[in-house]
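The values are calculated or read from the model by the stated rules, or taken from the named source; none is laboratory data. A quick note: this is a predicted structure, and the numbers were derived from the prediction, not measured. All Cβ positions, even for glycine, are placed from backbone atoms using ideal geometry, and neighbour counts span all protein chains on display. With ligands, DNA and RNA removed, areas are computed over all heavy atoms of the protein, side chains included. Shrake-Rupley method; radii C 1.70, N 1.55, O 1.52, S 1.80 Å.
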Amino acid sequence: MLRAQVLDETGAAQDRLGFAPAVEFDGPVYAALPDTTAAHLLAAPREALSNVARHAHATAVQVTVRAGDELLLEVTDNGRGIDPAVTRSSGLTNLRRRAEKLGGTFEVESRPEGGTRLRWRIPLTTAKHSSF
């Protein structure tokens with residue numbers, strides 16, 4: 001279900017972007033996440049793709065979701081990169097806050113070959129249950 005929701009989010013961005021983002025999943029992305037974690041995960045690509053549509057002037061975007069000991073959302077575009085002169089970053093601040101609220105990290109950088117790479121990571125913990 002989570003995989004389908006991520007695909008819905010990326011598909012919804014197609015009109016704003018002018019093209020369909022490429023999407024890749026790796027690991028047990030289908031595993032159940034707590035509702036709060038899933039809500040933040042789904043908001044992260046929405047915000048990231050919105051930023052790409054508004055600022056990047058990109059012609060391609062790759063969205064990757066990897067699950068293992070951590071959940072990684074990586075959004076890479078081929079746009080113009082981050083303009084260091086721009087100081088307003090409310091969308092990026094929202095992404096950072098969402099990750100930190102879940103004990104994770106957020107980083108965004110211009111890529112040497114052009115464009116931007118955003119990495120949003122949160123730890124995945126497995127609850128241990130015992131039955132008596």
Taking Cα atoms, the helix 35-51 axis meets the longest principal axis of the chain at an angle in degrees (rounded to 10) of 10
Isotropically averaged projected area of the chain, using the convex hull of Cα atoms (one quarter of hull area), nm²: 8.5
If I take every Cα pair under 8 Å that is 6 or more residues apart in the chain, average their sequence separation and divide by the length, what percent do I get for the relative contact order? 23
Helix 90-101 versus the longest principal axis of the chain: what angle, 0 to 90°, nearest 10, using Cα atoms? 20
Can you pull out the chymotrypsin sites (Phe, Trp or Tyr not before Pro) in the range 16-96 that DSSP calls coil and that have at most 10 other Cβ atoms within 10 Å? none
With every protein chain kept in place and ligands, DNA and RNA left out, what is the accessible area per residue of the chain? Probe 1.4 Å, answer in Å². 60
Of all the accessible heavy-atom surface of the chain, with the other protein chains kept in place and a 1.4 Å probe, what percent is carbon and sulfur? 49
Magnitude of the Cβ-charge dipole (Lys and Arg +1, Asp and Glu -1) of the range 1-77 about the Cα centre, nearest 20 debye, reported as 220
May I have the extent of the alpha carbons of the range 44-114 along their three principal axes, as whole Å values ordered from largest to smallest? 32, 24, 21
